[in-house]
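Data first, discussion second: the structure below is written as structure tokens.
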Amino acid sequence: MSAVLLLNADFTPLKTLSWQHSVGLVVRDQAMVVDTVPGRRVRSARLELPWPAVIALRRYVPVRPVPGPTRHNVLLRDGHRCAYCGLSHTELEPGEVLTMDHVVPRSRAVRGKVVDHEGRSIDVNGWRNVVAACPPCNHRKAARTPEEAHMTLRVTPRIPRPAELWAKGRVPASWRPYLAKTAA
């Protein structure tokens, strides 16, 4: 395992780091080792310590409450399924990948905002305006709204809880207890 889970000082998950970066934080006393990889050790000419699996910062750092709607995060939120037809990423044709679709097309944005189907002004690239889409559905919808394209959204674009994204990702078993604390 090369990735290390970084926790804030209050033990909420922040992100993943390389093992090298995490060892650097521990050596500089900016973080402490919370959990280790059994049977593995980090060795250098001057030190030897257990291989970190989870580390926690010694000082709390303020964070954004929700990660941004990157392609990876949108696919996690939508369960790696097309928001229009429900096709899974494993059911796509060879060479095809799920894409991110803007429910209200970007071409309709004014100063980075669009008006959704409920009449609310929302960010054009925000969580409430992006969904996972298979290439055929994305092409069929094109620069139209789902209503204009006579398509139905199977999911409502929404802002996920950070713990929801962590829980849906592939993570080592040793991380699960620390991620479960944020799911409540």
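The values are calculated or read from the model by the stated rules, or taken from the named source; none is laboratory data. These numbers were taken from a predicted model, which means no experiment stands behind them. Quick reminder, even Gly has a Cβ in these numbers, built from the backbone with ideal geometry, and neighbours come from all protein chains shown.
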What residue, among those in segment 132-167 that are touching a Pro at 6+ places or on another chain (Cβ under 9 Å) and not in a loop (DSSP other than H, G, I, E, B), is surrounded by the fewest Cβ atoms within 10 Å (Cβ to Cβ)?
-> 163
Segment 116-127 residues that are free of Cβ contacts under 8 Å to residues at least 24 places away in the same chain and more than 16 Å from residue 146 (Cα to Cα), paired with ones that are of a type in the set (Lys, Arg) and surrounded by 17 or more Cβ atoms within 10 Å (Cβ to Cβ) (beta carbon under 6 Å, 6 or more apart) = 122/128
Is it fair to say residue 140 is basic (Lys, Arg) and modelled with pLDDT of 95 or more?
-> yes
Long-range neighbours under 7 Å by Cβ, at least six apart or interchain, first residue free of Cβ contacts under 8 Å to residues at least 60 places away in the same chain within segment 50-66, second of a type in the set (Ser, Thr, Tyr) and surrounded by 13 or more Cβ atoms within 10 Å (Cβ to Cβ) | 50/36; 51/36; 52/22; 52/36; 55/22
Just give me the residues in segment 86-115 being more than 17 Å from residue 148 (Cβ to Cβ), touching a residue at least 24 places away in the same chain (Cβ under 8 Å) and polar (S, T, N, Q), in sequence order.
-> 99
Within segment 11-51, work out how many residues are acidic (Asp, Glu) and either at pLDDT below 90 or more than 20 Å from residue 62 (Cα to Cα) (or both).
-> 2
